[in-house]
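The values are calculated or read from the model by the stated rules, or taken from the named source; none is laboratory data. Here the structure is a predicted model, which means the values were calculated and not measured. We place every Cβ from the backbone using ideal geometry, glycine too, and count neighbours over all the protein chains shown. Ligands, DNA and RNA are stripped out before the accessible areas are found, and what is left, the full protein with its side chains, is counted by its heavy atoms. Shrake-Rupley method; radii C 1.70, N 1.55, O 1.52, S 1.80 Å.
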Amino acid sequence: SEISRYYELEPGSDCGTFSFRGYRPMSVSTVFGSRVDTQPYSPSRGSPEPEGYQKHEMRIQLSARTKIASGLLTDSSSGRKDSLWVGYTQQSYWQVFNGDISRPFRTTDHEPEIFYVYPTDAQLPWGWRWRYSGVGLVHQSNGQSLPLSRSWNRVYLMTGLELDDRWRLNARIWKRLPESAANDDNPGISNYIGRAELGLGWNLDRNNTLVLTTRHSLSSTARGSARLEWLYSLGTSWVGQSTNLRLYTQLFTGYGDSLIDYNRKRTVFSLGVSLV
């Protein structure tokens, strides 16, 4: 199944340690935003002088992971393997159409993490299977100096279900690691980006995949976000065989599209290509 291949839960899906795999979509997209934050604001850092950013730009996302250990807690006779991973995701917004200010990168987010995955195979009602659970630690920052610096650290629990090879459901809940007020670049970030995430993936057929991801603050503020992605396999009609290249379409609305805008709501439509 897709989840088994992705996390290499069984011997037939094991690709060994210290070789790179894709993590999140590696994509290049043209972005059409409802707004752009020309003067990002932090309650603890204030705001810089405004910049003449345009709403339309490009987004580049790079993401990879590697397994560093397996079989730590599982019995080899069970046929299932747990695993320990490290991953890295980088997302950049590039004002490539904005020649008036020399086409700068508006912001770049860096997100390294380490996570542990434990395989399960429990039968659930209506044909669903509980496939894994796990725990992780993630850091996210934009590498800027004050007043544009943004960063936070989280620990999370995650789990995943699947229905045949058509549907998958992934859930994650996290807790921000506390920082002193003097070191906190983005106070209250969990009330905007959220404290939990739920993702539903649907493989319509071998060439089309839809993914809906929602986040919620789990508080009275009721903020969060929703992201709908469509990936379509390219290459079959062009070169006569399937490739790893995908048409990548995304619609996002809410908070946390980028770390610099954690407290500003934004709606974004993007269209590009992804190497999965």
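Applying 0.36 nm per residue to the separation of Thr243 and Ala122 and subtracting their alpha-carbon distance, the gain on full extension is 40.2 nm.
Charged neighbours of Tyr88, selected by a Cβ distance under 15 Å, balance to +1 (K, R count +1; D, E count -1). When the trypsin sites (Lys or Arg not before Pro) in the range 48-100 are filtered for DSSP coil states and for at most 16 other beta-carbon atoms within 10 Å of their beta-carbon, the remaining sites are Lys55. Rolling a 1.4 Å probe across all protein chains gives Arg264 an accessible area of roughly 70 Å².
For Asp164, the accessible surface of its heavy atoms amounts to roughly 100 Å² (probe 1.4 Å, protein chains only, rounded to the nearest 10). The distance from the alpha carbon centre of the range 35-67 to that of the range 204-236 is 21 Å, rounded to a whole number. Helical content alone sets the calculated 222 nm signal of the chain at -1000 deg cm²/dmol, taking -39,500 (n - 2.57) per DSSP H segment of four or more residues and averaging over every residue.
Of Ile260, Ile68, the order by accessible heavy-atom surface (1.4 Å probe, DNA, RNA and ligands excluded), from most exposed downward, is Ile68, Ile260. Could you size up the charge dipole of the range 65-155 around its Cα centre, putting +1 on the beta carbon of Lys and Arg and -1 on that of Asp and Glu, and report it in debye to the nearest 20? Using Cβ point charges on Lys, Arg, Asp and Glu, the range 65-155 gives about 100 debye. Were the residues from Ala171 through Leu148 laid out at 0.36 nm apart, the gain over their Cα-Cα distance would be 5.2 nm. Springs between alpha-carbon pairs under 10 angstrom, Gaussian network model over the chain: which of Trp230, Trp126, Trp167 fluctuates most? Its mean-square fluctuation being the largest, the pick is Trp126.
When the chain is treated as a GNM with alpha-carbon contacts under 10 Å, the residue of Leu72, Leu157, Leu212 showing the greatest mean-square fluctuation is Leu72. Among the trypsin sites (Lys or Arg not before Pro) within the range 163-239, those in coil by DSSP and having at most 14 neighbouring Cβ atoms inside 10 Å are Arg166, Arg206.
When the accessible area of the chain is computed with all protein chains present and a 1.4 Å probe, what percentage of it is carbon and sulfur?
Its accessible area is 59 percent carbon and sulfur atoms.
Of the residues Leu234, Asn170, Gly256, the one whose Cα sits farthest toward the positive end of the charge dipole of the chain, with +1 on the Cβ of Lys and Arg and -1 on the Cβ of Asp and Glu, is Gly256.
Taking Cα centre as origin and charging only the Cβ of basic (Lys, Arg, +1) and acidic (Asp, Glu, -1) residues, the dipole magnitude of the chain rounds to 340 debye.
Considering only Met158, Gly143, His216, the residue lying farthest towards the positive end of the dipole of the range 103-245 is His216, judged by Cα position with unit charges set on Cβ. Using Cα springs under 10 Å in a Gaussian network model of the chain, which residue among Ala226, Ala181, Ala196 shows the largest mean-square fluctuation? The residue that fluctuates most here is Ala181.
With protein chains left intact and a 1.4 Å probe, residues in the chain average 49 Å² of accessible area per residue. Taking all protein chains together, Met58, Met26, Met158 sort by accessible area into Met26, Met58, Met158, largest first [probe 1.4 Å]. Charge dipole (Cα centre; +1 on Lys/Arg Cβ, -1 on Asp/Glu Cβ; no other charges) of the range 1-152 amounts to roughly 140 debye. Can you classify the range 22-83 as rounded, prolate or oblate using the Cα gyration tensor, where a ≥ b ≥ c are the square roots of its eigenvalues, rounded means a/c under 1.5, and otherwise it's prolate if a/b beats b/c and oblate if not? Prolate. Set against the labelled values (i) 33, 24, 17; (ii) 28, 27, 16; (iii) 40, 26, 16, semi-axes √(5λ) of the Cα gyration tensor in Å computed from this structure falls on (i).
Annotation: Thr107 carries an accessible surface of approximately 10 Å², with a 1.4 Å probe and no ligand, DNA or RNA atoms counted.
Extension gain, Asp75 to Thr253: 0.36 nm times the residue separation minus the Cα-Cα distance gives 59.7 nm.
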